[in-house]
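Structure first, then comments.
The values are calculated or read from the model by the stated rules, or taken from the named source; none is laboratory data. Everything numeric here is computed off the predicted structure, so don't read it as measured data. Every residue, glycine as well, gets a Cβ built from its backbone with ideal geometry; the counts of neighbours run over all protein chains shown. Note: accessible area is taken over every heavy atom of the protein model, side chains too, but ligands, DNA and RNA are not part of it. Shrake-Rupley method; radii C 1.70, N 1.55, O 1.52, S 1.80 Å.
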Amino acid sequence: MKHNGKASELGEVEGFIKVIADAETGKLLGAALFCSDAAELVHTIIDLMNADAPYTVMRDAIHIHPTLSEAVQSAVTALDRVQAR
């Protein structure tokens, strides 16, 4: 969260977001959010899981800046680095 602009503005940079996706399909399997407003942010993950959508949907979305939801996007974007291994 320390790299998220809105979290910095709010002084709430403690915490993290971790997402797990299927390596073959890219579909989100779960997430852990330990951060400010996690109860609100988790719904973006739940919506993608319910839609059976790959993480790339969130990765490629356009978010308003600065928002905490950008942290969810950053977390799923990190999956690209894991996939590349």
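Taking into account only those residues within segment 28-45 that are in a helix (DSSP H, G or I) and either without any contact (Cβ under 8 Å) to a residue 24 or more places away in the chain or of a type outside the set (S, T, N, Q) (or both), which is most open to solvent (accessible area, probe 1.4 Å)?
Going through the qualifying residues, I end up with Glu40.
Among the conditions (1) in contact with a Lys or Arg (Cβ under 9 Å, 6 or more places away or on another chain); (2) surrounded by fewer than 15 Cβ atoms within 10 Å (Cβ to Cβ); (3) in a loop (DSSP other than H, G, I, E, B), the only one that Glu12 does not satisfy is (2). Here Gly15 fulfils each of the conditions (1) in contact (Cβ under 8 Å) with a residue 24 or more places away in the chain; (2) at positive phi apart from (1). Take Ser74 and tell me if it is without any contact (Cβ under 8 Å) to a residue 60 or more places away in the chain, of a type in the set (Ser, Thr, Tyr) and either surrounded by 14 or more Cβ atoms within 10 Å (Cβ to Cβ) or in contact with a helix residue (DSSP H, G or I) (Cβ under 8 Å, 6 or more places away or on another chain) (or both). Criteria not met by Ser74. Just so you know, in segment 46-70 the residues that are touching a helix residue (DSSP H, G or I) at 6+ places or on another chain (Cβ under 7 Å) and of a type in the set (A, V, I, L, M) include one that is most open to solvent (accessible area, probe 1.4 Å), and it is Val57.
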